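**Student:** The structure follows.
The values are calculated or read from the model by the stated rules, or taken from the named source; none is laboratory data. Everything numeric in this text was worked out from a predicted model, so none of it was measured. Because the Cβ atoms are built from the backbone with ideal geometry, glycine has one as well, and the counts that use them run over all protein chains shown. The area values use the complete protein model at the heavy-atom level, side chains included, leaving out ligands, DNA and RNA. Shrake-Rupley method; radii C 1.70, N 1.55, O 1.52, S 1.80 Å.
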Amino acid sequence: MDSAEGPVTEKIAGANVEILRRGKGRPVLFLHPHIGIHGSERFIELLAREAQVIAPSHPGFGHSELPKGMSSVDDMSYFYLDLIEELGLRDLVVVGASFGGWIAAEIASKTCERLSRLVLLGAVGAKFGERDKSDLLDIFATPRSRWEELSFRDPAVWLRDYESLPEEELTAMARNREATALFAWNPYMYNPKLKARLHRIRVPALFLWGAHDGFAPLSYGRSFCAAVPGAKFEEIAEAGHFPHMEQPEAVARHVIGFASDRPRRRGDTR
Amino acid sequence: MRIYHFSEQPCPDAWAPEHKSLRVILPSRNCDPRVMAENYHHRLDEWMLADELGLDIMINEHHATATCCCPVAAVPLAILARQTQRARLLTLGYPIANRLDPVRVAEEFAMIDVISRGRLEMGLVRGVPYEVPLSVRSAVGQMDRFWEAHDLIIKAMTSIDGPFDWQGEHFQYRNVNVWPRVYQQPHPPVWITGRSPQNIREIAERGYVLGTFLSGFQTKDLFDHYRKACADLGRPAPAPDRFSYLGIVAIAQDRKEAMRRAEVMVGYLRSSGRVAEPFATPPGYFSVKDAARMIKARGKRGTTTREGKFVDTHHGAIEDLVKAGIMFVGTPDDVYGQLAEFVDNVGGLGHFLMMGHAGHMTHAEAVDQITLVAKEVLPRLQKPRAASKQAA
């Protein structure tokens with residue numbers, strides 16, 4: 001596929017969603033973070049050298065339609081199970097970053113039937129800490145410049161000149177922010193049910209965490225990893241909450257290496 | 001024409017220049033409860049005086065702020081329901097899309113209506129953006145939730161033949177059966193605040209009182225949306241009692257003192273704009289189009305004078321705020337003149353909501369203001385005058 005081509009709009013489970021498709025071969029489903037797909041392009045291109053990358057904008061995000069009644073990541077994970085079936089994907093590697101990692105964990109906790117690997121990059125979605133404190137940085141209560149500082153080792157990879165952004169990009173940013181509030185306002189960035197379902201993840205899982213993550217601390221990542229049977233944890237140097245944006249080469253290398261191990265399943269033999 | 005005395009029941013001692021936000025994050029350590037007890041008693045006394053002198057009463061609520069230290073409007077309403085004799089008791093209002101228990105709202109309202117022997121005016125509001133960070137639900141779909149809460153409250157109040165179940169999109173209840181039955185049948189009058197044409201149309205369709213705050217000489221356009229909605233529905237032109245407006249009044253026997261009071265009160269406007277950045281534009285509160293525009297450049301809130309000059313609501317000079325119809329300042333003659341002109345400009349006004357106490361204003365000053373308005377302004381506004389102008 002021509003790498004200059006932008007996302008195409010496809011109808012999935014009755015909703016028009018934009019999907020960026022790159023590369024050939026083994027399918028990789030990339031689930032972008034709450035800040036949208038902008039900034040993940042380089043990582044997607046690197047993965048596409050070795051695999052067929054399917055990178056949708058989540059319903060409600062970017063320019064993807066929000067189906068009526070969809071209001072939780074639980075709903076969203078059923079949408080993605082439909083997508084996986086409708087696109088006929090098998091032996092699928094699911095890679096989710098931050099909020100996208102939450103979706104990935106919800107998908108895998110429901111069924112791993114068509115999955116072979118799960119990679120979670122600074123994933124959120126489960127609650128591990130004290131009840132009187134959020135485990136995660138509250139972006140809705142933090143000035144933008146401050147959460148950018150805490151989320152990135154170097155915010156330059158993300159910062160844009162808002163003044164000169166085209167209307168379409170501003171609309172996508174506004175929709176990303178609104179959709180994040182719809183799905184993650186309260187309970188903030190987690191589903192109270194997810195932690196108890198993580199044991200159902202029956203494919204090899206890899207957690208990659210930015211060594212300087214000021215949004216979801218390393219200790220949170222380690223707790224999350226410990227709740228997924230057999231999962232491995234790796235720190236990514238010189239990266240914050242979005243390691244695939246700040247260190248795309250290193251993260252792509254990890255993902256491709258992990259995915260190229262001979263596919264095998266643990267536990268479930270169905 | 002009725003005039004409602006209103007104070008936000010502030011905690012002005014907690015305001016300090018170093019506080020970047022008087023909303024959401026200001027620690028309550030800054031509130032001295034002994035001082036606040038005095039404040040509450042003074043405000044209640046002022047409302048009781050308003051009742052005695054022929055004014056009506058307005059209460060509001062905000063949360064986690066020093067600018068309005070009344071997080072539960074039902075509390076002063078309940079006290080005043082018992083302690084006053086004749087005044088209408090308006091709350092404008094309950095933020096029903098942020099509160100999660102519409103049936104509890106119906107129960108509070110019902111009790112206040114009965115204790116006051118039918119004097120409750122039931123105001124429902126969407127709430128300002130910086131209330132959203134304090135809500136367990138986000139602003140996404142807030143208006144849908146608002147109308148469902150409204151529908152449930154009205155049904156709960158008007159269902160007098162035993163329980164019903166509510167299985168809506170946002171709220172689910174079993175055995176809704178509100179006691180006591182409301183005093184005013186079929187339910188107390190409903191007021192709703194609105195600023196967008198769509199929202200005003202929804203208020204007009206239901207025949208409710210439209211609430212507008214500090215919109216100055218732009219208010220006529222808002223009322224015109226209401227009038228147009230009525231015309232489109234083939235209904236007669238709405239009476240002035242379908243319209244209300246909130247402005248700030250600084251009044252004294254001499255102009256110099258009135259200006260001094262205005263300076264004290266304008267401190268309220270200056271400070272109420274102090275909201276920390278992440279709380280000013282909560283996601284979902286504004287349309288995607290407006291939110292996209294705000295990413296580019298933060299817009300200032302304001303209105304215009306009759307001559308079309310832009311006046312920043314939170315930072316304008318007092319003279320400009322008077323010209324814009326946000327403040328009414330001067331002797332009783334001046335204030336009467338300014339109000340009469342405003343009423344004519346908007347094409348008739350049934351309810352003037354008077355912020356008659358604000359900021360650091362003392363109890364004695366508030367008492368003087370209430371007395372002057374009740375004795376020297378209201379009677380003149382209630383006299384029929386230039387009826388042809390009102391109809392224009």
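**Student:** Can you give the net charge of the other residues whose Cβ lies under 12 Å from the Cβ of A:Lys24, counting K and R as +1 and D and E as -1?
**Tutor:** +3
**Student:** Could you name the lysines whose alpha carbon sits less than 17 Å from that of A:Lys193, not counting residues in the same chain fewer than 8 places away?
**Tutor:** Cα-Cα hits under 17 Å: A:Lys110, A:Lys127.
**Student:** Now, a different point. Just to confirm a number: summing +1 for Lys and Arg and -1 for Asp and Glu over residues other than A:Pro155 whose beta-carbon lies under 15 angstrom from that of A:Pro155, what do you get?
**Tutor:** -3
**Student:** Pop out the carbon and sulfur fraction of the accessible area of chain B as a percent, whole number, probe 1.4 Å.
**Tutor:** Percent of accessible area from carbon and sulfur atoms in chain B: 53.
**Student:** Could you order peptides A:52-65, A:193-206 by the average number of other Cβ atoms within 10 Å of their residues, highest first?
**Tutor:** The densest-packed peptide leads the list: A:52-65, A:193-206.
**Student:** Accessible surface of A:Glu167 in the full protein assembly, 1.4 angstrom probe, to the nearest 10 Å²?
**Tutor:** Counting only protein heavy atoms, A:Glu167 exposes about 110 Å² to solvent.
**Student:** While we're here: Suppose we keep just the DSSP beta bridges with both residues in chain A; what percent of those would be antiparallel, to 5?
**Tutor:** Bridges in chain A that DSSP calls antiparallel: roughly 30 percent.
**Student:** Further, regarding this structure: At a temperature of 37 °C and a viscosity of 0.692 mPa s, determine how fast region A:1-106 diffuses translationally according to Stokes-Einstein, using the Kirkwood radius over alpha-carbon pairs as Rh; express D in µm²/s, rounded to the nearest whole number.
**Tutor:** Reported coefficient: 240 µm²/s.
**Student:** Another question about this same structure. Once phi is turned into θ = phi - 60°, what whole-Hz ³J(HN,Hα) does the Karplus curve with 6.51, -1.76 and 1.60 give for every residue of region B:306-321, x standing for Gly and Pro?
**Tutor:** 4, 7, x, 6, 6, 10, 6, 4, 8, 10, x, 6, 4, 4, 5, 5
**Student:** Quick one: dipole size for region A:8-260, taken about the Cα centre, charges +1 on Lys/Arg Cβ and -1 on Asp/Glu Cβ, in debye to the nearest 20.
**Tutor:** Its charge dipole is roughly 980 debye.
**Student:** Report the FRET efficiency, 1/(1 + (r/R0)^6), for B:Leu53 and B:Lys383, where r is their Cβ-Cβ distance and R0 is 22 Å, rounded to 0.05.
**Tutor:** Efficiency at R0 = 22 Å is approximately 0.80.
**Student:** Give me the one-decimal nm value for the distance between modelled label points at B:Arg195 and A:Tyr188, 7 Å along each residue's Cα-to-Cβ direction.
**Tutor:** So the label points at B:Arg195 and A:Tyr188 sit 2.6 nm apart.
**Student:** Further question: Under the 0.36 nm per residue contour assumption, what length would be gained going from the current alpha-carbon distance of B:Met294 and B:Arg260 to full extension?
**Tutor:** 8.6 nm
**Student:** Taking the simple approach of a point 7 Å from Cα along Cα-to-Cβ for both B:Glu205 and A:Lys110, what is their distance in nm?
**Tutor:** Using points 7 Å along Cα→Cβ, the separation is 3.4 nm.
**Student:** Further question: Starting from the amide H of A:Phe233, placed 1.01 Å from N in the peptide plane, find each other amide H under 5 Å away whose residue is 5 or more places distant or on another chain.
**Tutor:** Residues meeting the criterion, in which the H sits 1.01 Å from N, are A:Phe207.
**Student:** What distance in nm separates the two pseudo spin-label positions at A:Ala156 and B:Gln85, each 7 Å out from Cα along the beta-carbon direction?
**Tutor:** In this crude label model, A:Ala156 to B:Gln85 measures out at 7.6 nm.
**Student:** Hey, another quick one. I need the calculated FRET efficiency for the pair B:Asn30 and A:Lys24, taking r as the beta carbon distance and R₀ as 60 Å, to the nearest 0.05.
**Tutor:** 0.45
**Student:** Can you give the Rg and Dmax of region B:188-298 based on its C-alpha atoms, in angstrom?
**Tutor:** When restricted to the Cα atoms of region B:188-298, Rg and Dmax are 18.0, 50 Å.
**Student:** Another question, if that's okay. By the scheme Lys and Arg +1, Asp and Glu -1, what is the net charge of all other residues having a beta-carbon under 11 Å from that of B:Pro197?
**Tutor:** Computed value for this residue: 0.
**Student:** Counting pairwise Cα distances across region B:2-391, what percent come out greater than 37 angstrom?
**Tutor:** Pairs farther apart than 37 Å: 17 percent.
**Student:** For B:Glu38 and B:Arg117, what is the calculated FRET efficiency with R₀ set at 35 Å and r taken between the beta-carbons, to the nearest 0.05?
**Tutor:** After rounding to 0.05, the efficiency reads 0.70.
**Student:** Between B:Ala239 and B:Arg181, 0.36 nm times their residue separation minus their Cα-Cα distance comes to what?
**Tutor:** Full extension of this stretch gives 18.0 nm more.
**Student:** Continuing with this model, one more query. How do B:76-84, A:242-250 rank on mean C-beta neighbours within 10 Å, highest first?
**Tutor:** A:242-250, B:76-84
**Student:** Now for a different question. Farthest toward the dipole's positive end in region B:2-391, which of B:Thr193, B:Leu233, B:Ile59, given Cβ charges of +1 (Lys, Arg) and -1 (Asp, Glu) about the Cα centre?
**Tutor:** In region B:2-391, that residue is B:Leu233.
**Student:** Leaving out ligands, DNA and RNA, and with a 1.4 Å probe, what % of the accessible surface on region A:68-140 is carbon or sulfur?
**Tutor:** It is 44 percent, rounded to a whole number.
**Student:** Can you bin every Cα-Cα distance in chain A into 10 Å intervals starting at zero and give me the percent of pairs per bin, rounded to whole numbers?
**Tutor:** Spelled out bin by bin, chain A gives 7, 33, 40, 19, 2, 0 percent.
**Student:** Nearest 100 Å², what total accessible surface is buried between chain B and chain A (probe 1.4 Å)?
**Tutor:** The contact between A and B buries close to 1800 Å².
**Student:** Next question. Hey, any idea what the orientation-averaged projected area of the convex hull of the protein assembly as shown's Cα atoms comes to, in nm²?
**Tutor:** 32.2
**Student:** Moving to a separate point now. Compute the distance from the alpha-carbon center of region B:1-76 to that of region B:243-262, in whole Å.
**Tutor:** Centre-to-centre distance over Cα atoms comes out at 18 Å.
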